[in-house]
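The structure under discussion appears below in the form of structure tokens.
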Amino acid sequence: MKLQGLHHITMITGDARKNVAFYADVLGLRLVKKTVNFDAPEAYHLYFGDETGATGSILTWFEFAGARRGTAGLGTIHTIQLGVGSEGALDFWAQRLDEHGYASVRGNQSLRFEDYDGLGLELVVADGANPPLRADHPEVPAEHAIVGIEGARAYGVYANVEEKLLTEELGFTWLGGGEYRLDGEQRRFRWAYDAPPPFAPQQGAGSVHHIAWAARDEDHLAWQAKIDDAGGFVSEVRDRDYFDAIYFLEPRGILFEIATLGPGFAVDEDPERLGEELRVPKMHAHLRERLEQTLTPLVNPRTKVSA
């Protein structure tokens, strides 16, 4: 039994319209799913990724309209690393971001920048072992497109000390210096802890809410039992329509999720039309009429239609 790699990463935004404009237009990802938060159905839950909504490409946001900007600190993820195919792609993105009003800083095979909420992002040259997970965008040449999520960095105490839950229970490889690698059957993912800043985190717009790892459907209950046996306070299995999920805090304070691969994002939409219409979770179906009246209309860059 092993984790398959990354499933998705979920953040908080204060503005759904800016969220769609930045990720589905500026960065060229596909709006894969437009739905609402299971626990707060008055709030959007938006998913972005590659053409098929493949695990390993998915970034999601809860919109809490007008939320104040958050601050990353101890027990939070502070940077998400997105892959590109080459160093030449970094030049393309530096220019594109500048044209849209976003400053960036070039590093060694990387380009660092923030989104409109202040979320830390870094474009890196992708691991050659990771199959590319691209979305189509008319202004982004395929050779420069984002090809999946490569890694994430969090603030944690004792950053340079091996975290045994990761290596002995979840199957990560300890690389030293706060760095880990998760080797899935098809994709790798880099994970790292950095020493925390001297101030407390504040959740808000631009904050990472949780990170989810992918598991085979048939292994999900076994993962729940494994985390429980290891002393973790793991949640009950929660049906998220597109996957089942369990949640727990890892020892350094980051909220982890383990999500099933199935049934996937095409279970309630034609794969060619993902993200075009509001999908309401089964448990909130009775709220559809009210939600359609109260949620902010969003323009999907693919269709240019407000819905």
Residue 182 neighbourhood, Cβ < 10 Å, K/R = +1, D/E = -1, net charge +4
Cβ-placed point charges (K, R +1; D, E -1), dipole of the chain about Cα centre in debye, nearest 20: 520 debye
Diagonalise the Cα gyration tensor of segment 210-281 and give the resulting equivalent ellipsoid semi-axes, square root of 5 times each eigenvalue, largest first, whole Å. 27, 13, 9
Can you list, largest first and rounded to whole Å, the semi-axes you get for segment 1-98 by taking the square root of 5 times each eigenvalue of its Cα gyration tensor? 23, 18, 16
Expressed as a whole-number percentage, the relative contact order of segment 5-306 with C-alpha contacts under 8 angstrom and at least six residues apart is 24 percent
Which peptide among 160-171, 187-198 comes first, and what is the full order, when sorted by highest mean count of other Cβ atoms within 10 Å? 187-198, 160-171
Just for the chain, what percent of DSSP beta bridges are antiparallel, to the closest 5? 70 percent
Relative to the Cα centre, what is the charge dipole magnitude of segment 1-72, using +1 at the beta carbon of each Lys and Arg, -1 at the beta carbon of each Asp and Glu, and rounding to the nearest 20 debye? 120 debye
When the chain is reduced to its Cα atoms, the Kirkwood hydrodynamic radius in Å: 19.6 Å
Could you give the C-alpha radius of gyration of segment 1-53 expressed as a fraction of 2.2 N^0.38 Å, taking N as the number of residues it contains? 1.27
Go ahead and run the numbers for FRET between residue 168 and residue 112, Cβ-Cβ distance against an R0 of 25 Å, rounding to 0.05. 0.15
Report, in cubic angstrom per residue, the convex hull volume of the C-alpha atoms of segment 191-240. 157 Å³
Computed label-point distance, nm, for sites residue 218 and residue 129 using a 7 Å Cα→Cβ extension: 2.4 nm
Violating pairs (Cα-Cα greater than 24 angstrom) within the set 2/164; 2/33; 33/304; 33/164; 33/226; 34/282: 2/33; 33/164; 33/226
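Each value in this text was obtained by applying a stated rule to the coordinates, not by laboratory testing. As the structure is a computational prediction, the values presented were derived from the model and not from experiment. Positions of Cβ are backbone-derived with ideal geometry, glycine not excepted, and every protein chain shown enters the neighbour counts.
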